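As structure tokens, the structure follows; a few thoughts come after it.
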Amino acid sequence: MKMDDYFARMKNVLGDNYDRFLETVDKPPYRAIRVNTLKIQPEELLPLLTFAGEQVPFAPDGYYVNADKLGKHPLHHAGAFYVQEPSAMSAVTALDVQPGDKVLDICAAPGGKSTQIASRLSGTGLLWANEVVRPRAHILLSNIERMGVKNAVVSNMTPDNLCGRLEGFFDRVLVDAPCSGEGMFRKDKEAIFEWSVEHSLACSERQRAILDSAAAAVKPGGYMVYSTCTFSEDENEGTVRHFLSQHPEFELVDTGCRFGVPTMDKALRIYPFNGGEGHFVAKFKKLRGKPYKGAMYTYIEPDADERRMIDEFITDILRNPSFRHIHVIDDRILDLPDTELLPDLDGMNILRAGVKLGDFKKNRIEPHHNLATSLTPYEFKRRLILSYEENLTARYISGEELEVDTWINGWGVAVVNGVTLGLGKAVNGHLKNKYPKGLRTLAWKDLQIEGL
Ligand code: SAM
């Protein structure tokens, strides 16, 4: 019965395109990666990935792939690419992020769209990635860290609380809302059995509440993109219409994208016959409202003792170090995003602001994994270049201790294909493996990927 309901609704939504849709139902789902241009360019990465093919139509750095388990690939560990469903790349394309923008991604975990925004910002401006579900916020942080994003704040707050504090603050806001996921049915055949009319209606209620909160955070003249991965009219066009009826200070504007199937004149839908699993994207402009009037961040320099220890630590490990605003909170040493763009964070539930460089431990500093992921290999004084042939890459990722020249002593980075993977400490010919335990994988040798 449920399935009948679903297909009846699809027929209604798709009209003349229904037969094209039916032809795709039993075909395998699309897979894609997005190159992390913060770390590597497509022309450098693609020759290393034999499984990557055509460019996707939805974003400049996305490519179809014909392999799975890519999360275990060493270059995935190194943050060179993000595995992302191709049509999911469309929302950030519509958001049209400009250098220097302050951008909020309010439903951000696991981080596909946030890390895409970070690539577009290319180190400028501010990315604020928020996720309300705590364990998912930690996964988001781990992806922000892996992709080497330096100018981000990662928070774990309700949209209402966050946007109430940051009224009128952001140039662009993305609401990639939780939805009934009809665009994921080809990927996850079980999901179709969880679908129901009631669940879809409950999703649309939730989406309306999130959009209502998010609207406050957009500055006058700023933009908001609303996206879902469902085909439901209630959750897509219905939610957009409801939002516009409640928020006359917003108008629907063209997404600026020339792919998919147009809907409501200015919004778009993507179906499997367009080259992706399914997405809906609508873009709003805020015509009027209050700009942010709240306090900005008060930056406090480290004290003289902290500064001396930090300077020694940095010059021991790095060449020509350059950080924005080194800040100490309790025992943590952070390099903050541009503080002129940072609001007062007091009382907010922040998981990370900027890059975590290390922790004070009694009379020394222990570097943090984020130091390695945020910098290029050439910024480190000591580098261990890993190769596939000798299985060194696999051994490093699985946490093994490696042999190094006896004359090298101290902290350095392990490097794969010109991208940093993680830290190690060389002591008398041995590299103590500092790749975080939670990221280590033993099973990757089972991969049947050509070229590894
Ligand atoms: N943008 C993400 C990406 O590209 O990786 C995917 C976001 S997913 C579609 C929606 C997210 O909204 C989930 O992480 C979910 O935990 C979160 N969420 C669930 N309920 C929410 C609520 N009431 N308010 C805000 N976010 C919510």
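What residue, among those in the stretch 40-62 that are over 20 Å from A78 (Cα atoms) and without any contact (Cβ under 8 Å) to a residue 40 or more places away in the chain, is most open to solvent (accessible area, probe 1.4 Å)? Reasoning before the result, please.
So in the stretch 40-62, the residues over 20 Å from A78 (Cα atoms) come out as 53-60.
With without any contact (Cβ under 8 Å) to a residue 40 or more places away in the chain added as a condition, the list becomes 53-55, 60.
On the way: G53: 42, E54: 138, Q55: 97, P60: 66 Å².
Selected residue: E54.
Among the residues of the stretch 217-236, write down those that are out of contact with any helix residue (DSSP H, G or I) (no Cβ under 8 Å at 6 or more places or on another chain), closer than 24 Å to G289 by Cα, of a type outside the set (V, I, T) and open to solvent by less than 60 Å² (accessible area, probe 1.4 Å). Walk me through how you get there before you give the answer.
Just the residues of the stretch 217-236 that are out of contact with any helix residue (DSSP H, G or I) (no Cβ under 8 Å at 6 or more places or on another chain), to begin with: 218-222, 236.
Filter again for closer than 24 Å to G289 by Cα, leaving 218-222.
If we keep only those that are of a type outside the set (V, I, T) as well, we get 219-222.
Hits for the stretch 217-236 are P220, G221, G222.
Listed by position, the strands (runs of 3 or more DSSP E) enclosed by the stretch 125-231 that each have at least 2 residues that are over 29 Å from T373 (Cβ atoms), within 15 Å of the ligand (Cβ to nearest atom) and modelled with pLDDT of 95 or more are 218-228.
Mind listing just one residue for me: the one in the stretch 382-430 that is open to solvent by 40 Å² or more (accessible area, probe 1.4 Å) and in a strand (DSSP E or B) and, of those, nearest to R319 (Cα to Cα)? My answer is R383. The set of residues in the stretch 248-262 being more than 26 Å from the chain's Cα centre (by Cα) and open to solvent by less than 20 Å² (accessible area, probe 1.4 Å) consists of F250 alone. Being within 12 Å of the ligand (Cβ to nearest atom) and open to solvent by 10 Å² or more (accessible area, probe 1.4 Å) is the filter here; which residues of the stretch 113-124 pass it? Passing the criteria: only K113. Hey, could you check the stretch 240-254 for residues that are out of contact with any Asp or Glu (no Cβ under 9 Å at 6 or more places or on another chain) and in contact (Cβ under 8 Å) with a residue 40 or more places away in the chain and say which is farthest from E198 (Cα to Cα)? Going through the qualifying residues, I end up with E249. Within the stretch 63-77, the set of residues being open to solvent by less than 30 Å² (accessible area, probe 1.4 Å) and either among the polar types (S, T, N, Q) or out of contact with any helix residue (DSSP H, G or I) (no Cβ under 8 Å at 6 or more places or on another chain) (or both) comprises V65, A67.
Residue by residue, here is whether (1) without any contact (Cβ under 8 Å) to a residue 60 or more places away in the chain; (2) open to solvent by 20 Å² or more (accessible area, probe 1.4 Å); (3) under 21 Å from L14 (Cβ atoms) holds:
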{"site": "S155", "(1), (2), (3)": "no, no, no"}
{"site": "R165", "(1), (2), (3)": "no, yes, no"}
{"site": "D176", "(1), (2), (3)": "no, yes, no"}
{"site": "C179", "(1), (2), (3)": "yes, yes, yes"}
{"site": "K187", "(1), (2), (3)": "no, yes, yes"}
{"site": "W195", "(1), (2), (3)": "no, no, yes"}
{"site": "R206", "(1), (2), (3)": "yes, yes, no"}
{"site": "D212", "(1), (2), (3)": "yes, yes, no"}
{"site": "A215", "(1), (2), (3)": "no, no, no"}
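The single condition from (1) at pLDDT below 95; (2) closer than 17 Å to Y388 by Cα that D68 fails is (2).
Looking only at the stretch 335-348, which residues are under 19 Å from K102 (Cβ atoms) and either open to solvent by 10 Å² or more (accessible area, probe 1.4 Å) or assigned to a strand (DSSP E or B) (or both)? Spell out how you get there, then give the answer.
Here is the first cut: in the stretch 335-348, the residues under 19 Å from K102 (Cβ atoms) are 335-346, 348.
If the condition is that a residue be under 19 Å from K102 (Cβ atoms) and either open to solvent by 10 Å² or more (accessible area, probe 1.4 Å) or assigned to a strand (DSSP E or B) (or both), then D335, L336, D338, T339, E340, L341, P343, D344, L345, D346, M348 are the ones that fit.
Restricting attention to the stretch 80-112, the residues that are away from the ligand (no atom under 15 Å from the Cβ), in a loop (DSSP other than H, G, I, E, B) and either touching a residue at least 40 places away in the same chain (Cβ under 8 Å) or open to solvent by less than 20 Å² (accessible area, probe 1.4 Å) (or both) total 4.
Residue-wise test of (1) surrounded by 13 or more Cβ atoms within 10 Å (Cβ to Cβ); (2) of a type in the set (S, T, N, Q); (3) in contact with a His (Cβ under 6 Å, 6 or more places away or on another chain).
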site: R269; (1), (2), (3): yes, no, no
site: N274; (1), (2), (3): yes, yes, no
site: G278; (1), (2), (3): yes, no, no
site: K285; (1), (2), (3): yes, no, no
site: P291; (1), (2), (3): no, no, no
site: E301; (1), (2), (3): no, no, no
site: E306; (1), (2), (3): yes, no, no
site: M309; (1), (2), (3): yes, no, no
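Flag: G354 matches the condition of being within 21 Å of A129 (Cα to Cα), of a type in the set (G, A, S) and either buried (at least 16 other Cβ atoms within 10 Å of the Cβ) or touching a helix residue (DSSP H, G or I) at 6+ places or on another chain (Cβ under 7 Å) (or both).
The values are calculated or read from the model by the stated rules, or taken from the named source; none is laboratory data. All of these numbers come straight from a predicted model, not from anything done at the bench. Neighbour counts are summed over all protein chains in view; Cβ atoms, including those assigned to glycine, are modelled from backbone coordinates with ideal geometry. Note: areas computed on protein heavy atoms with side chains; ligands, DNA, RNA excluded. Shrake-Rupley method; radii C 1.70, N 1.55, O 1.52, S 1.80 Å.
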